[in-house]
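**Student:** Sharing a structure with you now.
The values are calculated or read from the model by the stated rules, or taken from the named source; none is laboratory data. This is a predicted model, so every value here is computed, not measured. We place every Cβ from the backbone using ideal geometry, glycine too, and count neighbours over all the protein chains shown.
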């Protein structure tokens, strides 16, 4: 399964979807995980609004949605409801983490879920038959 991790530093799962500097793409199986590629977002000349939380301008959302297409899971530290709907419409399952965590620890936890009794959402992703509303 392909997992995208939003991060600021390439070490920690600590990136908000709209503000993360990097998206790291991993191939995760029961046997292990490996980094496939990374996408770096750099500030552009976006005239969009400034985030009330960070005081920074969020990067272009459509560019971020396009970047994650084809992935199965998205690990982020935060995401707004309307943007989460767009992620789900792109057939990527977003998982919002409550606190920063080392990326390898997050991927190890996912691997443990894959090896044990899988929650329904994970079973559907692994079978590639996740049903999205509106389809």
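**Student:** Go through region 32-46 and count every residue that is in a loop (DSSP other than H, G, I, E, B) and either at pLDDT 90 or above or surrounded by 12 or more Cβ atoms within 10 Å (Cβ to Cβ) (or both).
**Tutor:** Here is the first cut: in region 32-46, the ones in a loop (DSSP other than H, G, I, E, B) are 32, 41-46.
Of the ones still in play, those that are also either at pLDDT 90 or above or surrounded by 12 or more Cβ atoms within 10 Å (Cβ to Cβ) (or both) are 32, 41.
The total comes to 2.
**Student:** Same structure again: Take residue 112 and tell me if it is closer than 25 Å to residue 12 by Cβ, in contact with a strand residue (DSSP E or B) (Cβ under 9 Å, 6 or more places away or on another chain), exposed (fewer than 13 other Cβ atoms within 10 Å of the Cβ) and without any contact (Cβ under 8 Å) to a residue 60 or more places away in the chain.
**Tutor:** no
**Student:** Continuing with this model, one more query. Among the residues of region 62-112, which ones are assigned to a loop (DSSP other than H, G, I, E, B) and under 12 Å from residue 6 (Cα atoms)?
**Tutor:** Answer for region 62-112, where residues must be assigned to a loop (DSSP other than H, G, I, E, B) and under 12 Å from residue 6 (Cα atoms): 77, 79, 97, 100.
**Student:** Could you grab the pairs with beta carbons closer than 7 Å, sequence gap of 6+ or different chains, first residue in region 1-23 and on the phi > 0 side of the Ramachandran plot and part of a strand (DSSP E or B), second one crowded, with 24+ Cβ neighbours inside 10 Å and modelled with pLDDT of 95 or more?
**Tutor:** If the second residue must be crowded, with 24+ Cβ neighbours inside 10 Å and modelled with pLDDT of 95 or more, no pairs are left.
**Student:** Kindly indicate the residue of region 85-100 that is within 17 Å of residue 14 (Cα to Cα) and in contact (Cβ under 8 Å) with a residue 60 or more places away in the chain and also surrounded by the fewest Cβ atoms within 10 Å (Cβ to Cβ) among those meeting that condition. Break it down into steps so the answer makes sense when it comes.
**Tutor:** To start, the set of residues in region 85-100 that are within 17 Å of residue 14 (Cα to Cα) comprises 94-100.
Add one more test, that the residue is in contact (Cβ under 8 Å) with a residue 60 or more places away in the chain, and what stays is 94, 97, 100.
Working: 94: 20, 97: 16, 100: 14.
Here the residue is 100.
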